[in-house]
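This report concerns only the one structure given below.
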Amino acid sequence: MTSLTSETGDLAQISGEVDIAGQGHGEPEHGGHADARLFGLATFLVADGMTFAGFFAAYLTFRAVNPLPENSSYELELLLPSINTLLLVLSSFTFHRAGRGLLRGEGLACRRWLVITAALGLAFLAGQMVEYFNLPFGLTDNLFASTFYALTGFHGLHVTLGVICILIVWWQTRSAGRIKASAPFGLEAAELYWHFVDGIWLVLYGILYLL
Amino acid sequence: MTLASPSDFQAPQQSSPDQGGPRGLQPEGWLRYLSFSLDHKVIGLQYMVCGFLFYFLGGALAGVIRTELASPISDFVSRETYNEVLTLHGTVMIFLWIVPVVNGAFGNYLIPFYVGARDMAFPRLNAVAFWLIPPAGILLISSYFIKGGAAQSGWTAYPPLSLTTPALGQVIWIISVLLLGGSSIFGGINFIATILKLRRPGLKMMQLPMYCWAMLGTSILVVLSTPVLAGTLILLSFDIIAHTGFFNPALGGNVVVYQHLFWFYSHPAVYIMVLPAFGLVSEILPVHARKPLFGYTTMVYSIIAIVVLGLVVWAHHMFTSGTPPWMRLFFTIATSFIAVPTGIKFFNWLATLWQGKIALNSAILFACAFIVNFVFGGITGVALAQVPFDIHVHDTYFVVGHFHYIVYGGTVFIIFSAVYHWYPKFTGRMLDEHLGRLHFLLTFIGFNLCFAPQHWLGLNGMPRRVAEYDPSFTTLNQVSSVGALMMAVSTLPFLINVVVSAFRGEVAGDNPWKALTPEWLTSSPPPVENWIGEAPLVTHPYGYGVPADRLDLQMVTAEQIWSDPKP
């Protein structure tokens, strides 16, 4: 039978129950309800993915329906983007290593893998910059050019945010930080986001460079 | 067997008054509603009041439109101003009134109660989602006063018109809609997580009140379709600011691609506006008819069908855009299909009312009028789904009549019904019934007078989005404008009622409607933690008209079902 008398009117208790401060309590009992934060992030990534899906659909439709001007083509240099792809895929593995390190209590290993992941991310961005400088077309040259820059630029923005998140996670995994084996949400969230960014790149690489 | 009656049960000992936010240093009383509160009930009412303010603004803009259209020549405002007014009217009504109120206001207030939680899954995200709205709205309104004026291309912002009218107003429009879309997406994430992850232990999905299913379906649509609009508007803004050519044929782009991307969101948008209303009416009818909701399982499947189908019918807005015949065939068929689950819901509501003990209060009056209005709007929708018919009436007043029957006659009527139904819970006081019935009469008559003639006008060729028209259309336009005036007047008894009843209304008590859903099993207004003690487990939210010895009272205590408000 449910009770109608108040167990406690203590506001701090209520605050703990709804876990508003969000200190990474994964266990259902502690916060009063299940930790839905990773689920929420996954839902957000579905939404973000749909933005990219809209861009991809536009690009594919333009390719099918809108002819390019005479002196332009869809051909792109493949070497640098392919290296970039390898870097990004590698960085997903290294990030995963970092996560494993955290859960096993190997703080030092975790932080090293985080630094490597961030470095790979930065290398990817540097590669993109180099590619941008060496491309023969600008933003407004033709429809393919505009779509190319819009797509890769939007993705690059996501990579940049991801690198910032990795650095924040690196900072918070110091011994006095808020991310620990018992409270891994910060790292798990950043890792999920990073895998998403990687996945988007694979689709992008496929339809922009290979198609 | 004996029937349960209110006198069988004692009023439970309740409750602490609403104490403001859980952090202790929150503002007290009405100031909470101006603060960054994390309490879903406060946020819900913030959405409500903010939404209604924008409703009045959108209504004033409609007043300008109908005043202009009362005569065949453009003599009230200039043509450019008329374009700005109609653009702002549509944008304000959709993004600042309907979507925030049926999703943000009622959703945020009720969903935690229905799943047995103390708050939404992400209270801070909730507050952020609300606080995006006032700045976005102010930004949009400000565009009217700048050089070049507001956007003029309608809420649909089609290129090339949106690329050739004054740029700053259009860019401000884009930024504003991006902010509002973001707010909507954050809300959608919150609802999905709350409904799927925060249900009280022991509460199963098929025991949830129907509004939860409606909000789950709506939120899935929000999360899948709104981002596509965001991407499209970003590309449009590039065309305006950076002179790229995505949608500019002169630069190699494609205007039809814009339409596809735009309508991929904007068709689900109409379900985002109407599905929550379907959920709300499914809550209201059983209470005032004292009968269970008819066909719960089928209602759930219908919502799922509407969500799935709603994502694949968008090009029925593009039958005259040069779409190829095979595409038009597909979309005509898919759109016709979506009438089936909607029709199922309609008949289930009728069956819910059938032989019920219907109390004729304002809430049920608006709900019944919804059923009537929505049938007309739905039928004209089925007509519009047929390509040969649509080719003749596309971009005419027939379409304007159709969607106002759905959105106003449907969703807005439900919003009013829901206000009459839940105001006692929000404030602890009843709304005045006399003013409510006056409001209903003026709204129902005014609404039909305004929008019914528009179907005839469209069939006879009056285009939409025009300030001038053929003089033969004058009489019906004048009738329509009188109806609009009546709708404007109808706001007064409502406004007076809502404001005065907060201070002088009859005290409502916990459960004035003797309802069974969890929000009624606590005080009015509820305490900050929603219930004193554990959240009640309501396994039969529609257990009306069931004799006491057949009602499953194991989980819901007798004291909780009934409370006698009068001493």
Looking at A:138, A:127 in this structure, which one is within 14 Å of chain B (Cβ to nearest Cβ) and either modelled with pLDDT of 95 or more or surrounded by fewer than 15 Cβ atoms within 10 Å (Cβ to Cβ) (or both)? A:138
Somewhere in the stretch A:89-112, is a residue crowded, with 19+ Cβ neighbours inside 10 Å and under 18 Å from residue A:207 (Cβ atoms)? no
Name the residues in the stretch B:236-271 that are at the interface with chain A (Cβ under 7 Å from one of its Cβ atoms), in a helix (DSSP H, G or I) and either among the polar types (S, T, N, Q) or farther than 24 Å from residue B:189 by Cβ (or both), would you? B:238, B:257
Subset tally (residues that are among the small types (Gly, Ala, Ser) and more than 14 Å from the chain's Cα centre (by Cα)) for the stretch B:261-281: 1
Among the residues of the stretch B:162-184, is any farther than 23 Å from residue A:47 by Cβ and without any contact (Cβ under 8 Å) to a residue 24 or more places away in the chain? yes
Matching entry among B:139, B:132 (being in contact with a Leu (Cβ under 8 Å, 6 or more places away or on another chain), in contact (Cβ under 8 Å) with a residue 24 or more places away in the chain and farther than 26 Å from residue B:275 by Cα): B:139
Can you tell me which residues in the stretch B:129-144 are of a type outside the set (A, V, I, L, M) and within 14 Å of residue B:87 (Cα to Cα)? B:137, B:142, B:143, B:144
Please state which of the following conditions residue B:546 fails to meet, knowing it meets all the rest: (1) of a type outside the set (Asp, Glu); (2) modelled with pLDDT under 55; (3) out of contact with any Ser or Thr (no Cβ under 6 Å at 6 or more places or on another chain); (4) surrounded by fewer than 20 Cβ atoms within 10 Å (Cβ to Cβ). (2)
I need every pair where a residue in the stretch A:58-69 that is more than 7 Å from chain B (Cβ to nearest Cβ) has its Cβ under 9 Å from the Cβ of a residue that is crowded, with 17+ Cβ neighbours inside 10 Å and among the hydroxyl-bearing types (Ser, Thr, Tyr), sequence separation at least 6 or different chains. A:59/A:147; A:63/A:147
Just give me the residues in the stretch B:520-545 being more than 9 Å from chain A (Cβ to nearest Cβ) and either of a type in the set (S, T, N, Q) or free of Cβ contacts under 8 Å to residues at least 60 places away in the same chain (or both), in sequence order. B:521, B:522, B:523, B:524, B:530, B:539
Verdict on residue B:413 being within 24 Å of the chain's Cα centre (by Cα), in contact (Cβ under 8 Å) with a residue 24 or more places away in the chain and within 29 Å of residue B:286 (Cβ to Cβ): yes
Does residue A:73 count as of a type in the set (S, T, N, Q) and modelled with pLDDT under 95? yes
Cβ-Cβ under 7 Å, sequence separation 6+ or interchain: first residue in the stretch A:36-49 and at the interface with chain B (Cβ under 9 Å from one of its Cβ atoms) and on the phi < 0 side of the Ramachandran plot, partner of a type in the set (D, E, K, R) and part of a helix (DSSP H, G or I). Which pairs? A:36/B:197; A:39/B:197
Given (1) away from chain A (no Cβ under 11 Å); (2) within 20 Å of residue B:178 (Cα to Cα), identify the lone condition not met by residue B:277. (2)
From the list B:358, B:333, which one is β-branched (Val, Ile, Thr), modelled with pLDDT under 95, on the phi < 0 side of the Ramachandran plot and surrounded by fewer than 18 Cβ atoms within 10 Å (Cβ to Cβ)? B:358
Can you name the residue in the stretch A:141-181 that is within 12 Å of chain B (Cβ to nearest Cβ) and touching a helix residue (DSSP H, G or I) at 6+ places or on another chain (Cβ under 6 Å) and, of all such residues, is surrounded by the most Cβ atoms within 10 Å (Cβ to Cβ)? A:143
Identify the single condition in (1) touching a helix residue (DSSP H, G or I) at 6+ places or on another chain (Cβ under 8 Å); (2) within 14 Å of chain A (Cβ to nearest Cβ) that residue B:298 does not satisfy, given that it satisfies every other one. (2)
Of all residues in the stretch B:362-377, how many are farther than 14 Å from residue B:280 by Cα and surrounded by fewer than 20 Cβ atoms within 10 Å (Cβ to Cβ)? 3
Looking at the stretch A:158-187, which of its residues are in contact with a Lys or Arg (Cβ under 9 Å, 6 or more places away or on another chain) and either farther than 17 Å from residue A:41 by Cα or among the charged types (D, E, K, R) (or both)? A:170, A:172, A:173, A:174, A:181
Answer with yes or no whether residue A:84 is assigned to a helix (DSSP H, G or I) and either more than 8 Å from chain B (Cβ to nearest Cβ) or crowded, with 16+ Cβ neighbours inside 10 Å (or both). yes
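The values are calculated or read from the model by the stated rules, or taken from the named source; none is laboratory data. As the structure is a prediction and not an experimental result, all values here were calculated from the model. Note that each Cβ is placed from the backbone with ideal geometry, even for glycine, and that neighbours are counted across all protein chains shown.
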